[in-house]
Structures are given as C-alpha cells and as structure tokens.
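A short reminder: the numbers here are calculations on the coordinates, not readings from a lab. Since the structure is predicted, the reported quantities are computational estimates derived from the model, not experimental observations. Note that each Cβ is placed from the backbone with ideal geometry, even for glycine, and that neighbours are counted across all protein chains shown.
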Amino acid sequence: MAELVVKEICFSVLISLSLPFTLFAENKKVDPRLKFHSEAKPLHQQALTLDWPRFNGPSDNAISAESHLLLDWDGETPRLLWEVMKGEGYSSPAISGGILVMFHRLHGQEIIEGRDSETGKSLWQHAYPVEYRDRYGYLNGPRASPVIAGDYVYAHGVTAWLTCLELKTGRVIWKRDLATEFEIPQNFFGKGSNPLPLGENLILNIGGSKQRSVVGLDLKTGGTNWVTEDEWGASYSSPCKAVIHGREVCLVFAGGESRPSTGGLLVIDPENGRKLSRFAWRSKSYESVNAVPPIPLGKNRVYLSECYEKGSVIIQFDAEFKPTISWKDPNLNIHWMTPVVSQSYLFGISGRHQRGGQVYCLDFNTGVVRWHEAITWSHVLNERKLSLQLFRGSLLKVGNEGDHFLGFSELGSLVSMEVKPEGWRIISTAQLFFSPSAWTLPALSKGLLYVMQNEKDRGTGTDARLLCYDLRRK
C-alpha cells in the first residue's frame, strides 16, 4: 500500500474547500451538491422516533421501532425531500440529535461531513487525502459507516485511517493511522468492518501483524486499551454485542485474506479483550470473505452465515463457552446483508449472484426453513414491463407491531411488504433509481428514510447521491 501522507482540513463553520463540489455552511452561498425539493410533513404527535447511530440502526439489528410511518404509497414514489451528490463508497449515514453524518470519497479525499438531517443543509466537514484502488474494480471509497456514540462520531476509512470528531462541530478529537501502526494489509477490498462502541472501548477487527486481530481503543482518547491476538484476520463483518450465560460479550466474525483461508467467530470479553471462545467457519476458497454480522439468537446461541461454501450455522455455547453446532444449512448462504430476527424466526437473503438472490424464513428453534424464494413484482418502464426482485438486497423491519418490512434491492427498488412465517405480501413498490451496487441498508430516523445511490443512475444518468424521503404519516 502506498504511504499515506495526511494533510487534514477541519471546519467548525465550513469555508471554501478547493474542490469542484464545495460545501458551504452559510446561506450566503449556494451548496452546489445539495438539491432541496420540499419540506417534511410534521411528525404525528404520538409518533415514536429514534436516532440511527450505526449502520444497522438504533438496536444494531436492522430493526426500527419507529411508528406512524407511511408504508402504502398508492402506486407513487415516497415524497423526495432533498438529495445531495456524493462521491465513491458504500457507507450508510448515521443520525443523532438532528445531525446526519455521511462518509464518502471525492477527488482523492475521504470526507466526513455533518448535515442537518431534515433539510440536508451543510453544518461541517472534515477531509483528508486517501490513496486506494480496489483490485477488483469496485468503488474506491469507504466501506464502513460512521458511528455515533454520545458527543462523538467515529469513521473507519478504506485504508484503516480512523478519525474521532466532535458531532456538533466536526472538530478533530483524535485520529490514528491504524494501517501503519498495526501493519494492516489492504486485503481484498480495503478495510470494511464497522467499529463497535461498547463500554469504554471502540472495538475493531483490524487483522494486523503479529496476530493482532481485534483491538479495543479508548473512546475518548483513542489509546489502545487491549489487543486480542488470533491468526484470523480482518473480515468485512462488523463486531456486535451479545449476552451469553448472563455475561456481556463481543462477537467478532473474523477472517480476511489468507492462504489457506481461515476465519470464524471469536467471543471476546469487551473489558479486557480476553478470548472466551473460538469457532471456525470459513470457506476453503481463497477469494472468499466473511461479511455478515453474527446474530445473537438468545438462549446462548449465535447465527452465522457465509456465502461461498459453508452457508449458515447456529452455534450453542455451554457455561464454559464451548461451542457446538446445533443446526446448519449450506443453502442459506448470505453474501453481506444483516438477517432480521422476529420472534423465533430469522429472515435473510441468500445467494452468491444477483439472479440467485432469495429471501428465506428460518424457524431457528426447530431448524425448519418455512420458505425460501425470490420476492418478485412487475414494473413498467417506458411502456416496457419488467420483472424485478430484491436480488441480493437488504431488509429493515419497521414498527412496534406486525410484520412490516422495507426491502431495498441492489438495483434501487424500495419495497413495502408484510413478511411472515406463512409467506410474504407486497404492499407497495417504488423504483427510486436504476443503479447497481445499492448494497447499503437505508437509514430511518424521525420518519425520514435515507437511501444511498452508490453509482450512476443507468436511467437518468444522475451521479451517486444520498436521497431523503418522507415516510411520516399524519
């Protein structure tokens, strides 16, 4: 990896940056990247609303309890409030206290920027140069999403440059060049694991030299509190917390580029980094990765899925944290989406290739797959009838009650539907754009839905954007 020479630019009140797309915090000048369409409807007086501090939402499980949402669009597209042009990357936004943080790469810089979550207005920006080129031709921007914890936001860049900013101002609190410090290789697609704030630590699967697999950094200072040593490198999965036998633990589904390919689940004490358990689960194929977050199922169980060979497995831990397999199925092979747990059922999307994507319902108490099929619908474009489906999309469960889901396809389709153990029913569909690699789970906060279009719209030619839609119901 080329040596990264960092010259940082941070704005409390944003001033001109020498880029073609310059942001402005003041209304004295127009923000050329922002296009405002309309104001959001008022929130219902009884609406339950939540922040969205991390890529999988308020509870880190792709579930939002927000209420009074408009989920039937009567054949129309939800109302677009504003859109902002963005650079390269697969990052999703994080939202807290009315501030939306987006992370992307534009003109050779990784950019972390804060915007008003309701209007899109620019508040602050922090940028630094980055040198990275994806060896397989994917986008060259960040894969990990910004993470908000209290008054701070953390951004883990594609080259393992880690930055902590003050959420309200964008002021730099601390920063670390983890790639240099821990001798981290680039791996297949750069760095892509999201950090996890847990207790006093920010936990990352870094996969550095000397078997430095996972680290716990001090949230306030960035100092290294502990290092978990293991030969398993950094995957594209993200750490999550769980409770096993009454003890809070951190689950890390590790496994980066290696010959032979190795990886699996590490169970770690988040206070000191001590390894409590280890379970191997990784394809033998060299060009494979572990990318799905581990899913706690309760009753001391964890669900894992990888795409290339082994598929899905449920692990049971005894009181000594010894793992045993209680169920497995190689046909339920998730690429990267986060499966959703609803009561005693798990809903995921399997399939290595776009046309093979199928949604499934697993009763994880019995191991019975209730159904496994493509969710499809018809769409008319220029008087041509198209057959569309979720492909290798994502699922977001919404609402306090019922079985309402929002599905987002990798080609830009938004689908409102009921998903139950008995089957699925589409309520509404909307084609937001026709663009590949829409692999980022939409974010939902205060009745507004934030969607990432990561590549050019093949229908209109519109460049990559973050779009904000109004789902508020009166």
Order by neighbour count: ASP177, ASP116, fewest other Cβ atoms within 10 Å first, most last. ASP116, ASP177
Over the Cα atoms of the range 326-402, how large are the radius of gyration and the largest Cα-Cα distance (Dmax), in Å? 14.3, 51
With the dipole of the chain worked out from charges on the C-beta (+1 for Lys and Arg, -1 for Asp and Glu) around the Cα centre, which of PRO129, LEU388, MET85 lies farthest toward the positive end? LEU388
If you take the square roots of the eigenvalues of the alpha-carbon gyration tensor of the range 252-358 and sort them as a ≥ b ≥ c, do you get rounded (a/c under 1.5), prolate (a/b over b/c) or oblate? oblate
Answer rounded, prolate or oblate for the range 226-270, using the Cα gyration tensor with square roots of eigenvalues a ≥ b ≥ c: rounded when a/c is under 1.5, else prolate when a/b is larger than b/c, else oblate. prolate
Full-extension gain in nm, ASP134 to ASP318, via 0.36 nm per residue minus C-alpha separation: 62.1 nm
Counting Lys +1, Arg +1, Asp -1, Glu -1, what net charge surrounds THR228 among other residues with beta carbon under 10 Å of its beta carbon? 0
Which of THR262, THR338, THR366 has the fewest Cβ neighbours within 10 Å, and the rest in rising order: THR366, THR262, THR338
With DSSP loop assignment and no more than 13 other C-beta atoms within 10 Å, the trypsin sites (Lys or Arg not before Pro) in the range 265-311 are ARG274, LYS284, LYS299
Using 1/(1 + (r/R0)^6) with R0 = 45 angstrom and r between the beta carbons of GLU309 and VAL30, what's the FRET efficiency to the nearest 0.05? 0.30
How charged is the neighbourhood of GLU166? Take every other residue with its Cβ under 13 Å from the Cβ of GLU166, and add Lys/Arg as +1 and Asp/Glu as -1. +3
Inter-part distance where the range 117-157 and the range 85-115 are each reduced to a Cα centre, Å: 5 Å
I need the calculated FRET efficiency for the pair ASP72 and ASP177, taking r as the beta carbon distance and R₀ as 41 Å, to the nearest 0.05. 0.25
Can you pull out the chymotrypsin sites (Phe, Trp or Tyr not before Pro) in the range 125-189 whose DSSP state is coil and whose Cβ has at most 13 other Cβ atoms within 10 Å? TYR136
How long is the gain from GLU39 to ARG384 if the chain were fully straight, where each residue apart is worth 0.36 nm and the alpha carbon distance is subtracted? 120.9 nm
For a quick check: sort THR376, THR228 by the number of other beta carbons within 10 angstrom, fewest at the front. THR376, THR228
Within the under-10-Å Cβ sphere about ALA254, not counting ALA254, Lys/Arg +1 and Asp/Glu -1 give a net charge of 0
In nm, to one decimal, how far is the GLU418 label point from the TRP377 one, both placed 7 Å along Cα→Cβ? 1.5 nm
Note down the magnitude of the dipole of the chain about its Cα centre, charges +1 on Lys and Arg C-beta and -1 on Asp and Glu C-beta and zero elsewhere, to the nearest 20 debye. 360 debye
Label-point separation in nm, ARG370 to HIS353, each point 7 Å along Cα→Cβ: 3.1 nm
Centroid-to-centroid separation of the range 442-473 and the range 363-425 [C-alpha atoms, Å]: 18 Å
